[in-house]
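*Asks:* Can you keep this structure in mind? I'll have questions shortly.
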Amino acid sequence: MISTLTIEGFRCFERLEMGGLGRVNLIVGKNNSGKTSLLEALYLLAMRGKASAFGMVLQRRGEILPIDSELGEVGQGVEYDVRPLFTGHRFGLGTHFEVTAANSHGSNVIGVTVGKDAQIVPDQTKTTRFVQFFALLVNAGGPNEVIPLGYRDGLPADSVRPRLITSQDEGAPQVRFLGPYEAGRQLIEMWDGVALTDDEAIVGDALRVLNPTIERIAPQVASSHQFGSTRGGFLVKKSGNTQRLSIGSFGDGIWRLLALSVFLTQAKGGLLLVDEIDLGLHYKAMTSMWKLVLRIAKEADVQVFATTHSRDCVQSLADV
């Protein structure tokens, strides 16, 4: 588990140091103080700076560069804006950020520097000169990985979009990032790791925190294409009732507990990062939610980093 964390030059952090980290960590702060940025730094570190991880972080915030029509066809693709990743939106050769996480066994470091891609290509919009692309040079304890940037010095969306749904690279440490609003399609795809395992019972227990009558839950796989950005895609059966109901009929709290329990079970031996963990939950339900998180995190060997704005959320964790 991570015991100390240092962030330098990333988003709003010129330098941030945190110590005494444990199994479950709740990050509290004012609006725009960097809570989500801290989770993103952990995510990029755990994913070893893979291009798909940068894509996920930038896509979630809608950090997209405007399309420049003057570039013609070669510039029509969407690019994510990498400048906000660097403190003060600084961008130029040598601009750098670094994230270090340590425990009793050592430390993991990721350093990201703005450099030049080695490949020189002709500028198709001007026949008289050549251009050399900027690139992100990522060092995660080995040789630099080069992530080429596009015509507008952004990360081309087409190069990472196919991998944004799960945002999990093969061979990378297990890490899950649960944002405030998770799409039904992603939960349906993650259900493969839950189905016909003991994790199904854990998810059921989570839902019964708010509604003790819930008996079973199952995905609507055939209709998953309808749930790209909505609360849907799952059917719920209540005890004493043969009718199957859409999970969307049960309110935001049930949906949040579904997402939280699925992500927890699918982060075994790794990290779970949760932005606004208490979203949609009444303050009286938070104690039960924290008991569930603490139990599953211990059983599944998951380290949790979560954020909140709520004093009730802080107090309920302190109570348990």
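The values are calculated or read from the model by the stated rules, or taken from the named source; none is laboratory data. In this text, all values refer to a predicted model and were calculated from it rather than measured experimentally. Note that we place each Cβ from the backbone using ideal geometry, even for glycine, and neighbour counts take in every protein chain shown. Side chains are part of the model used for accessible areas, which takes the heavy atoms of the whole protein and leaves out ligands, DNA and RNA. Shrake-Rupley method; radii C 1.70, N 1.55, O 1.52, S 1.80 Å.
*Asks:* Could you tell me whether Val236 is surrounded by 21 or more Cβ atoms within 10 Å (Cβ to Cβ), in contact (Cβ under 8 Å) with a residue 12 or more places away in the chain and under 20 Å from Phe177 (Cα atoms)?
*Replies:* It is false that Val236 is surrounded by 21 or more Cβ atoms within 10 Å (Cβ to Cβ), in contact (Cβ under 8 Å) with a residue 12 or more places away in the chain and under 20 Å from Phe177 (Cα atoms).
*Asks:* Restricted to segment 1-15, and to residues that are among the hydrophobic types (A, V, I, L, M, F, W, C) and open to solvent by less than 40 Å² (accessible area, probe 1.4 Å), which residue is farthest from Ser316 (Cα to Cα)? Before the answer, list the steps.
*Replies:* Residues of segment 1-15 that are among the hydrophobic types (A, V, I, L, M, F, W, C), as a first pass: 1-2, 5, 7, 10, 12-13.
So of that shortlist, the ones also open to solvent by less than 40 Å² (accessible area, probe 1.4 Å) come out as 2, 5, 7, 10, 13.
Values: Ile2: 23, Leu5: 25, Ile7: 28, Phe10: 31, Phe13: 29 Å.
Per the stated criteria, the residue is Phe10.
*Asks:* I'm trying to understand the selection: among the residues of segment 278-301, which are under 20 Å from the mean Cα position of the chain (by Cα), of a type in the set (Gly, Ala, Ser) and open to solvent by 30 Å² or more (accessible area, probe 1.4 Å)?
*Replies:* Within segment 278-301, Gly280 is the sole residue that qualifies.
*Asks:* Across segment 63-77, which residue is modelled with the lowest pLDDT among those that are open to solvent by 70 Å² or more (accessible area, probe 1.4 Å) and part of a helix (DSSP H, G or I)? Let's see the steps before the verdict.
*Replies:* So in segment 63-77, the residues open to solvent by 70 Å² or more (accessible area, probe 1.4 Å) come out as 64, 66-67, 69-70, 73, 76.
Next, only the ones that are part of a helix (DSSP H, G or I) stay: 69-70, 73.
Numbers: Ser69: 57, Glu70: 57, Glu73: 48.
Per the stated criteria, the residue is Glu73.
*Asks:* Continuing with this model, one more query. Are there any strands (runs of 3 or more DSSP E) wholly within segment 198-316 with 3 or more residues that are under 29 Å from Leu44 (Cα atoms) and at pLDDT 90 or above, and if so which? Walk me through how you get there before you give the answer.
*Replies:* Details: elements: 214-219, 234-238, 244-246, 271-274, 303-308.
Those strands (runs of 3 or more DSSP E) span 271-274, 303-308.
*Asks:* Just to verify a result, which residue in segment 184-205, among those that are open to solvent by 50 Å² or more (accessible area, probe 1.4 Å) and acidic (Asp, Glu), is farthest from Leu245 (Cα to Cα)?
*Replies:* Filtering segment 184-205 for residues open to solvent by 50 Å² or more (accessible area, probe 1.4 Å) gives 185, 189, 192, 196-198, 200-201, 205.
So of that shortlist, the ones also acidic (Asp, Glu) come out as 189, 192, 198, 200, 205.
Values: Glu189: 20, Asp192: 21, Asp198: 23, Glu200: 18, Asp205: 18 Å.
Only one residue tops the list, namely Asp198.
*Asks:* Further question on the same structure: Given the residues Arg244, Arg208, Arg231, which is the only one that is more than 30 Å from Leu21 (Cβ to Cβ), open to solvent by 30 Å² or more (accessible area, probe 1.4 Å), basic (Lys, Arg) and out of contact with any strand residue (DSSP E or B) (no Cβ under 6 Å at 6 or more places or on another chain)? If you could, list the steps in order and put the result at the bottom.
*Replies:* Values: Arg244 fails: out of contact with any strand residue (DSSP E or B) (no Cβ under 6 Å at 6 or more places or on another chain); Arg208 fails: out of contact with any strand residue (DSSP E or B) (no Cβ under 6 Å at 6 or more places or on another chain).
The unique qualifying residue is Arg231.
*Asks:* One residue is enough: does segment 176-186 have a residue meeting the conditions under 23 Å from Ala297 (Cβ atoms), assigned to a loop (DSSP other than H, G, I, E, B) and either at pLDDT below 85 or among the aromatic types (Phe, Trp, Tyr) (or both)? Step through it out loud before you land on a result.
*Replies:* Let us first name the residues in segment 176-186 that are under 23 Å from Ala297 (Cβ atoms), namely 176-182, 186.
Add one more test, that the residue is assigned to a loop (DSSP other than H, G, I, E, B), and what stays is 179-182.
Now drop any that are not either at pLDDT below 85 or among the aromatic types (Phe, Trp, Tyr) (or both), which leaves 181-182.
Checked segment 176-186: at least one residue is under 23 Å from Ala297 (Cβ atoms), assigned to a loop (DSSP other than H, G, I, E, B) and either at pLDDT below 85 or among the aromatic types (Phe, Trp, Tyr) (or both).
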